[in-house]
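In what follows, a single structure is set out as structure tokens and then discussed.
The values are calculated or read from the model by the stated rules, or taken from the named source; none is laboratory data. Every value quoted in this text rests on a predicted model; they were computed, and no experiment measured them. Neighbour counts are summed over all protein chains in view; Cβ atoms, including those assigned to glycine, are modelled from backbone coordinates with ideal geometry.
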Amino acid sequence: MMMQERSIAVKPLPEKVSAREERSIFRELEASMHTDRPRMVIDCSALRQLDKHAVHLLLCCLEEVMKRNGDVKLAALPPGSGAVVERTGMARLFDIHDTVAEAVESFHRSPTAEASQPDGSKSPTSGAGGAV
């Protein structure tokens, strides 16, 4: 039996996500979610600040993708966003990577290899992505 390789959508975020733009950005991202088990990397490299609008947008994307048994991974979060990631619990919800290439590559690794290291500890860059 041959397994078909599913595509991975890489979607960039703009520099700023305002309340006014949040819905239209979500609609653009949502276009890539209408498949069975969507796989998406959200490229945050242009994003200047991980504020409440950006966090809400990312959580909405995760919710929609999870409804379809898919996975969302984040790449290149803005510098200084670690406190927001921890405070909001995003570190437990998302698989976060330093680069888009790393995030895409993580979809090609087996979930069990990504979820643990040889010593049994959890990978430092993996959130709940392998369990989604």
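Data overview
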{"read-out": "Within segment 1-42, considering residues that are touching a Ser or Thr at 6+ places or on another chain (Cβ under 9 Å), of a type in the set (D, E, K, R) and at pLDDT 95 or above, the one surrounded by the fewest Cβ atoms within 10 Å (Cβ to Cβ)", "value": "11"}
{"read-out": "Options 75, 83, 54, 46: the member that is more than 21 Å from residue 107 (Cα to Cα) and in contact with an Asp or Glu (Cβ under 8 Å, 6 or more places away or on another chain)", "value": "46"}
{"read-out": "Checklist (1) modelled with pLDDT under 95; (2) in a helix (DSSP H, G or I) applied to residue 124, failing item", "value": "(2)"}
{"read-out": "Residues that are within 19 Å of residue 53 (Cβ to Cβ) and out of contact with any strand residue (DSSP E or B) (no Cβ under 8 Å at 6 or more places or on another chain), drawn from segment 29-39", "value": "30"}
{"read-out": "Single residue of 75, 54 found to be buried (at least 18 other Cβ atoms within 10 Å of the Cβ) and touching a His at 6+ places or on another chain (Cβ under 7 Å)", "value": "75"}
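For (1) in a helix (DSSP H, G or I); (2) in contact with a strand residue (DSSP E or B) (Cβ under 6 Å, 6 or more places away or on another chain); (3) without any contact (Cβ under 8 Å) to a residue 60 or more places away in the chain, each residue gets a yes or a no:
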residue: 10; (1), (2), (3): no, yes, no
residue: 14; (1), (2), (3): no, no, yes
residue: 17; (1), (2), (3): no, no, yes
residue: 20; (1), (2), (3): yes, no, yes
residue: 27; (1), (2), (3): yes, no, yes
residue: 42; (1), (2), (3): no, yes, yes
residue: 49; (1), (2), (3): no, no, yes
residue: 53; (1), (2), (3): yes, no, yes
residue: 59; (1), (2), (3): yes, no, yes
